[in-house]
Each structure stands twice: as structure tokens, then as C-alpha cells.
Amino acid sequence: MKKHLFFIAVSMMAASVLTSCSDDDTSEPSPESTQLAKGMFVVNSGNSSDQLSGSLTYIGDDGSVSQNVFATANGRALGMTPNDAIVNGDKLYIVVTGENTIEVVDKNTLKSIKQISTPELMGDDKGKNPRRLIALGRYVCVSTFDGYVAAIDTVDFSAANIYKVGSYPEGMAASGENLYVANSDYGQCINPSISRISLTDGSVEEKKDELINNPTSLAALGSGLYVLDYGSYNAAWNQVGAGVYRLTNGTVTKVADATMMAADHTNNLIYTINAPYTTPATPITYNVYDITTGENKTFITGDDIDSPAAITVDPVTGDVYIASYKTNPDTGYADYSGNGYVNKYDSEGNLIGQYETGVGPTAFVFNK
């Protein structure tokens, strides 16, 4: 019965979950909750090699910046390698890959409500290395490197359903009555695919294509599904084939060279960064692709960015945020053990702010 109710509830909600926020979570904040100013959380992955825990930075729309907000509120570190976060109702969900946990946090007080162990939730054979999150109304879905997606009930934090998908799943996107999953195959280029989970009956289908080698992120815009694919590495260990690919009616077409992307669902735009790993280094480009016209043009030159790490678009204002590592003055390369920063641009590419983050800024979630 619970599975049946999940299919009904999610299929009704799926059309409205193309952004990460939802008002469908009916839990009420406690009377002592303090309302955070509108702004954005930055998930900092830390550096596991140097045993540097991940952290959470909060950037207010007023330009204020607060570091280590999770640790400050809870008296403990977030843990190793947080990778993603979403806001759903009055809760913030943070997936911490190195700890096999999802932290459920009151988004106003930042106090931990629940620390979910994904192996305990899903089973030791299904729940290791949780990776990415998506909100579906009352449910939050998480992908794990074991090859599964779990739909978590946000009321009792149980697994409403667990789906077997493809190899090493990463990002997800909802469109209509379907949930799509990017199965990266851990970059092995042996068994990559895109899974389609039907939210009406729970069936799962896989789509494979010779152009899809290492899919990591998805965005549903217009009538198409847009896939960020990291490509592969040639004999000289140069990254090749990375880009944004459009999947429409079973046909895959490359629309832009890219190693990072962010979708503006309001204006049908995809902002891209192309910074492939090559020797000698390939010049980094920052473009914007219009899915309506097919035009792909320069967004910024990037002269004010050291080493891009992530990109997102404010769903309300259309402002673009690009996270970066700083350059290590001793080596001349990206400093993966020092604090990073975020640049804020308007939709015309004008720099309107810069904010320091923690170590390894990797993901954003808006608190609007």
C-alpha cells in the first residue's frame, strides 16, 4: 500500500519539481526558530586526502557571509566529502558521501533533526556512497554508487521505495511523470546509461548511446533532457568528448562543449563552463546556450576566476554564481586544501559580488 501511495503522490507532484525547493513539506518550524535571511547555502566538500572535513557556507542576499554554519549550530563537523544539498519545505538535506549519511537540518536554526545512515536505510548492498539529491514534494530521492535510488519519506525518514538503476548513478532530473538518473559508470566508459524511472508504476528503463560515456548531471528543459557528460580520456590522458548533450525522442545530440553546467529553467538557458583536463591546458570558456534558438555565446571571459569548481543560477533573479579554487602562490596551481570563493554575476555577465567559501566549494542550494 505504501508503495502504491508513493507512486500516486509523486506522479502528481513531479511536474512542479524542476527546482530544488518545495512548499509541500507540512512540518512547522519550532517556535524558537530564527528565520534566516534569504540567500544561498554553499556545500564545501573539504579534502579527504588532507583529512579536511566538509563544511557549509551561507551567503545572504544582502552580501553577508557565514562560514561553518553547520558545525557552529551542531558542535560537530559535517564530515568527509559532502557532495550535494537541497531545501525541501523547512528542511535542508545534505548528502555526505564519505560518511554514508544524509544530514537533515532545520533550514532556519541549522540544527540537525536527523542523521540518516543510507546503508541502514537501504541496506549495506544498496546504500553506500550516497551522491546526489532531488526533491519530489513529500519525498527526497538520493542516488548511491551501489546503483540504486531511494525515495525517502520526509515525514518519518523511511525509504518509501528503492529503485535499481544503472552503474554508479549521480545526478537526477524530474520531468512529467518520470525521474531520470545519470549513471556515470565511474568514468569507466563500459556501461554508462540514463535510467528512466516511471513515477506512475515504478518501472525502470535504461537508455544507452555511443555519445553518452560518463553522464553526471541532468536538466529537464522544454521538451528535452540535457545531459552533462564528462566524456573519456585518450591514450595521452587528455579529457575528450565532455559536453552537454540533448536527449529528445531517443536521439542524442551534442549542443555544447562543457565540463560543468547550470540550467536557468525560467529563461530556457544553460550556462556552461568548459575546463577539460588536457596537456597542454585547454583555454577555459564560459558560455550560455539558449535552448529555444540554439545560440551558444560567450557569457564571461573568466579573467576574474582562478580555477572553476561549480556553477548555479538563482531561480528567482537569474544571477549566476561560479565557485572557484584559489591559486596556490607557491605552486601556481589550484589550492585544493585552502578556502575557495564564489563570484556572482548578473545575467549580462557583470561581476556584482565575490564571497569566500570553505575548502572545495562543490554545490549550491538556494534558500528563497
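The values are calculated or read from the model by the stated rules, or taken from the named source; none is laboratory data. This structure is a prediction, so every number in the text was calculated from the model and none was measured. Note that we place each Cβ from the backbone using ideal geometry, even for glycine, and neighbour counts take in every protein chain shown. Note: accessible area is taken over every heavy atom of the protein model, side chains too, but ligands, DNA and RNA are not part of it. Shrake-Rupley method; radii C 1.70, N 1.55, O 1.52, S 1.80 Å.
Scanning region 214-232 for residues that are assigned to a strand (DSSP E or B) and of a type in the set (Gly, Ala, Ser) turns up SER217, ALA219, ALA220, GLY224, SER232. Screening the candidates GLY241, GLY224, GLY171, GLY231 for the property of being touching a Ser or Thr at 6+ places or on another chain (Cβ under 9 Å), open to solvent by 20 Å² or more (accessible area, probe 1.4 Å) and small (Gly, Ala, Ser) yields one hit, GLY241.
Of everything in region 59-76, what is of a type in the set (Val, Ile, Thr), surrounded by fewer than 14 Cβ atoms within 10 Å (Cβ to Cβ) and not in a helix (DSSP H, G or I)? Give them in sequence order.
Of the residues in region 59-76, the ones of a type in the set (Val, Ile, Thr) are 59, 65, 69, 72.
Adding the requirement that they be surrounded by fewer than 14 Cβ atoms within 10 Å (Cβ to Cβ) leaves 72.
None - no residue of region 59-76 is of a type in the set (Val, Ile, Thr), surrounded by fewer than 14 Cβ atoms within 10 Å (Cβ to Cβ) and not in a helix (DSSP H, G or I), so the list stays empty.
Cβ separations smaller than 6 Å between residues 6+ apart or across chains give the following pairs from region 92-110 residues that are under 20 Å from ALA159 (Cα atoms) and touching a residue at least 24 places away in the same chain (Cβ under 8 Å) to residues that are open to solvent by less than 10 Å² (accessible area, probe 1.4 Å) and polar (S, T, N, Q): ASN100/THR118. Taking the criterion of being β-branched (Val, Ile, Thr), open to solvent by less than 30 Å² (accessible area, probe 1.4 Å) and within 15 Å of THR362 (Cβ to Cβ), the residues of region 77-101 that qualify are ILE86, ILE94, VAL95, VAL96, THR97. Within the option set VAL155, VAL140, being in contact (Cβ under 8 Å) with a residue 60 or more places away in the chain and of a type in the set (A, V, I, L, M, F, W, C) holds for one residue only, VAL155. Taken as a whole, the structure places ARG132 among residues that are at pLDDT 95 or above, of a type in the set (D, E, K, R) and crowded, with 20+ Cβ neighbours inside 10 Å.
Does LYS254 meet the test of being open to solvent by 10 Å² or more (accessible area, probe 1.4 Å), in a strand (DSSP E or B) and free of Cβ contacts under 8 Å to residues at least 40 places away in the same chain? So LYS254 does not fit the description; no. Tell me whether region 333-353 contains one or more residues that are modelled with pLDDT of 95 or more, open to solvent by 80 Å² or more (accessible area, probe 1.4 Å) and of a type in the set (Lys, Arg). No, because not a single residue in region 333-353 is modelled with pLDDT of 95 or more, open to solvent by 80 Å² or more (accessible area, probe 1.4 Å) and of a type in the set (Lys, Arg). Residues in region 265-289 that are without any contact (Cβ under 8 Å) to a residue 24 or more places away in the chain and out of contact with any strand residue (DSSP E or B) (no Cβ under 6 Å at 6 or more places or on another chain): 4 in all.
Scanning region 142-189 for residues that are hydrophobic (A, V, I, L, M, F, W, C), assigned to a loop (DSSP other than H, G, I, E, B) and over 15 Å from GLY202 (Cβ atoms) yields PHE145, VAL155, PHE157, CYS189.
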